[in-house]
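The values are calculated or read from the model by the stated rules, or taken from the named source; none is laboratory data. Predicted model only: the values in this text are computed from it and were never measured. When we count neighbours, we look across all protein chains shown, and the Cβ atoms used for this are built from the backbone with ideal geometry, even at glycine.
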Amino acid sequence: MPGLILLKNGRVIDPVNGIDQIQDVLIVDGKIKAVGQPGTLSEQPGGLVFDLQGKWVVPGLIDMHVHLREPGQEYKETIETGTRAAAAGGFTAVAAMPNTKPVNDNQTVTVFILAKAAKAGFARVYPVGAISSGSKGDHLAEFGELRQAGAVGVTDDGLPVGNSQLMRRALEYAGDHDLLVISHAEEMTLSHSGAMNDGPLATRLGLRGIPHIAEEIMVYRDLALAEFTGRPIHIAHVSTRESLALIRRAKAKGVAVTAESAPHYFTLTEMAVDGYNTLAKMNPPLRTEADVAAVREALRDGTLDAIATDHAPHGELDKDMEFDLAANGIIGLETAVPLTLQLVRDNQLDARRMVELLSVNPARILGVDGGSLSVGAPADIAVIDPEKKFVFSEESIQSKSRNSPFLGWELQGKAVLTIMDGRITWQEPISS
């Protein structure tokens with residue numbers, strides 16, 4: 001791959017450096033060499049040149065919540081296929097949740113994940129270790145060992161930490177090791193055996209519901225623990241309006257809390273599961289129109305800091321069964337950009353805020369490089385065609401799994417060029 005790439009005439013959106021205008025970006029030997037007015041950066045022999053009129057040039061997207069399934073469930077996804085899907089979606093980095101088999105609660109698994117990611121070469125992978133050994137909720141994992149091996153945070157995602165004393169200690173010790181604590185907020189005695197949002201539709205379908213308070217009670221507890229300990233906490237996959245109200249009030253009080261939601265929570269309501277559609281089954285479940293509106297408002301006003309996909313691949317047999325028994329979760333890396341762009345087209349967000357939510361803030365929250373197009377920084381860049389329309393089909397999916405409620409949708413907006421560390425990791429035909 002040439003050591004020089006010139007991106008010409010693109011709309012450069014770089015909130016960190018206060019840029020939103022037509023500019024050229026020069027990449028040399030994996031680094032951003034210069035950003036300047038069109039025509040001021042000369043082309044070099046042997047380099048690649050892309051004319052990006054009408055395209056956005058943004059810092060590489062960072063998904064701070066994905067499930068790559070390897071080790072242990074490679075039939076659903078591998079680190080290679082998952083990061084290839086990430087690159088196809090414009091992501092240059094992902095944070096991998098620890099609910100693998102075995103659970104990533106130790107140095108050996110963390111090192112394995114990093115080695116596999118380096119070999120695949122599609123995206124940076126930031127491992128997130130388990131809070132508790134085996135994610136069983138009994139005692140803390142070895143945070144120092146995890147951090148030393150390369151973990152950036154800890155969570156028992158997929159399972160809540162039910163023991164409040166353990167969660168308190170996790171916040172205290174994680175802070176000592178510069179690890180982010182990510183909360184999976186779920187009160188299991190309220191959500192146990194639930195399959196969808198609690199309400200009239202669940203009653204009509206004869207399905208046990210998961211009430212919104214199952215999330216909100218644990219959000220309240222974890223915010224209280226963060227305030228008590230004085231340590232930061234990140235709330236994952238927020239889905240309800242009252243959870244958002246709690247986070248908003250905590251931020252106003254000065255609690256060190258950040259939070260994310262996922263595209264499906266600002267795009268779909270519980271009606272997507274009508275007809276027992278297991279492709280729309282997830283945890284937390286899809287909620288009401290009022291909750292969707294609240295998530296959109298929270299993305300706009302800063303209550304939510306990041307958009308993360310909660311990319312959760314499953315094999316066909318994991319979903320093709322009775323609704324109660326089907327696995328929770330959907331793939332999301334390849335639909336995040338068009339679904340978020342819909343908010344921009346609807347004037348719910350502007351382009352700068354979209355980049356903050358998908359790149360700038362995830363980098364800041366995780367404490368990793370990226371999120372800007374600063375000169376001298378690694379060339380992690382996504383080029384987005386906001387007008388490109390496509391049908392999201394099984395044939396086009398780069399993930400190993402196909403479990404998405406957006407199959408068959410015509411979407412608008414797509415990453416057409418993804419560059420990680422100066423190397424092209426995804427490319428589609430680019431039209432002017």
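Listing for the model above:
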read-out	value
Residue among Thr83, Thr100, Thr92 that alone is without any contact (Cβ under 8 Å) to a residue 40 or more places away in the chain, assigned by TED's automatic domain parsing to the domain that holds Gly129 and crowded, with 16+ Cβ neighbours inside 10 Å	Thr100
Strands (runs of 3 or more DSSP E) wholly inside the range 28-71 that include at least 1 residues being assigned by TED's automatic domain parsing to the domain that holds Gly89 and under 30 Å from Gly315 (Cα atoms)	61-66
Subset of the range 403-431 [part of a loop (DSSP other than H, G, I, E, B), closer than 17 Å to Val25 by Cβ and either out of contact with any Gly (no Cβ under 9 Å at 6 or more places or on another chain) or among the small types (Gly, Ala, Ser) (or both)]	Gly422, Ile430
Considering residues of the range 78-110 that are hydroxyl-bearing (Ser, Thr, Tyr) and in a helix (DSSP H, G or I) only, the residue nearest to the chain's Cα centre (by Cα)	Thr83
Matching residues in the range 1-25 - criterion: being more than 26 Å from Leu341 (Cα to Cα) and free of Cβ contacts under 8 Å to residues at least 60 places away in the same chain	Pro2, Leu4
Any chance Met354 is among the aliphatic types (A, V, I, L, M), surrounded by fewer than 16 Cβ atoms within 10 Å (Cβ to Cβ) and farther than 21 Å from Ser183 by Cα	no
Subset of the range 257-297 (residues that are part of a loop (DSSP other than H, G, I, E, B) and under 20 Å from the mean Cα position of the chain (by Cα))	Ala262, Leu268, Thr269, Lys281, Met282, Asn283, Pro284, Pro285, Leu286, Arg287
Criterion (assigned by TED's automatic domain parsing to the domain that holds Glu289 and free of Cβ contacts under 8 Å to residues at least 12 places away in the same chain) met by exactly one of Ala195, Ala130, Ala115	Ala115
Subset of the range 360-410 (residues that are crowded, with 18+ Cβ neighbours inside 10 Å and free of Cβ contacts under 8 Å to residues at least 12 places away in the same chain)	none
Given (1) surrounded by 19 or more Cβ atoms within 10 Å (Cβ to Cβ); (2) farther than 18 Å from Leu190 by Cα; (3) without any contact (Cβ under 8 Å) to a residue 60 or more places away in the chain, index of the condition Leu268 fails	(3)
